[in-house]
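Colleague: Sharing a structure, written as structure tokens. Questions coming.
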Amino acid sequence: FETVTNHSSLTSAQFLGQFLNCYLIFENNREMIIVDQHAFHERILFEEISLAHKKQKLEKQILIHPIIVSHAEFQTDILADQLDTLISLGFECTLKNNDLQIETFPGFIEKKYIEKTLHEVLSCLVAHKNVKFDSLYHTVFASMACHSAVRSGDPMNEELVRRLLVRSEQVDFFAHCPHGRPVIRKFSERDVSLWFERI
């Protein structure tokens, strides 16, 4: 098999379906292409978030009722130093007594994952307070993308898959997700024939 470093082979590929509601199966030029749906969406989101942040165009959603998160495990002075960074990531927060009040959150995150994502972002900010910003943002964006991406076990029809493919064409692409796992692997006709001892 071959690990694919770009998504051009998917553009004209025929979508055959899902396997285990986890992998997307395509056929193109007598080759079988298998895509890890979570890793693929995660990579796309990572690139979209990075680009939007660079252009200062991260969309925010306003919470009608702010979410209150206890920050007992984080030092108040560290959180105070990081509020501007949180705002730049789409989390508008204020410190009140021993709690962090979340008033907005990034538009691409599902509401049910707000607290979990914010907790990981805060952990990243604290752990990487002396690290270069490029490294910090890679870790933070990877965490945000992971919580926002379609998950293993989620059913996807052809329309949803095609929408994902269109989005993939709008960003730079790499062979691996932000955490280093392969995204796309391609098997030749010869590979498949060898499996079944046809050659």
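Colleague: Given the condition small (Gly, Ala, Ser), exposed (fewer than 15 other Cβ atoms within 10 Å of the Cβ) and over 30 Å from His65 (Cα atoms), answer yes or no: does some residue in the range 120-128 qualify?
Modeller: Taking the range 120-128 and keeping what is small (Gly, Ala, Ser), we get 123, 127.
If we keep only those that are exposed (fewer than 15 other Cβ atoms within 10 Å of the Cβ) as well, we get 127.
Okay, now just the ones that are also over 30 Å from His65 (Cα atoms), so none.
No - not one qualifying residue is present in the range 120-128.
Colleague: Of (1) at pLDDT 85 or above; (2) out of contact with any strand residue (DSSP E or B) (no Cβ under 6 Å at 6 or more places or on another chain); (3) of a type in the set (Val, Ile, Thr), Val161 satisfies all except one. Which?
Modeller: (2) is the only condition that Val161 fails.
Colleague: Being open to solvent by 10 Å² or more (accessible area, probe 1.4 Å), modelled with pLDDT of 85 or more and part of a loop (DSSP other than H, G, I, E, B) is the filter here, so list the residues in the range 87-106 that pass it.
Modeller: Listed by number, the list holds a single entry, Glu92.
The values are calculated or read from the model by the stated rules, or taken from the named source; none is laboratory data. Not measured: the values here are computed from a predicted model. Using ideal geometry, Cβ is built from the backbone for each residue, glycine included, and neighbour counts are taken over all protein chains shown. Remember, those area values only see protein heavy atoms, side chains included, never the ligands or the DNA or RNA. Shrake-Rupley method; radii C 1.70, N 1.55, O 1.52, S 1.80 Å.
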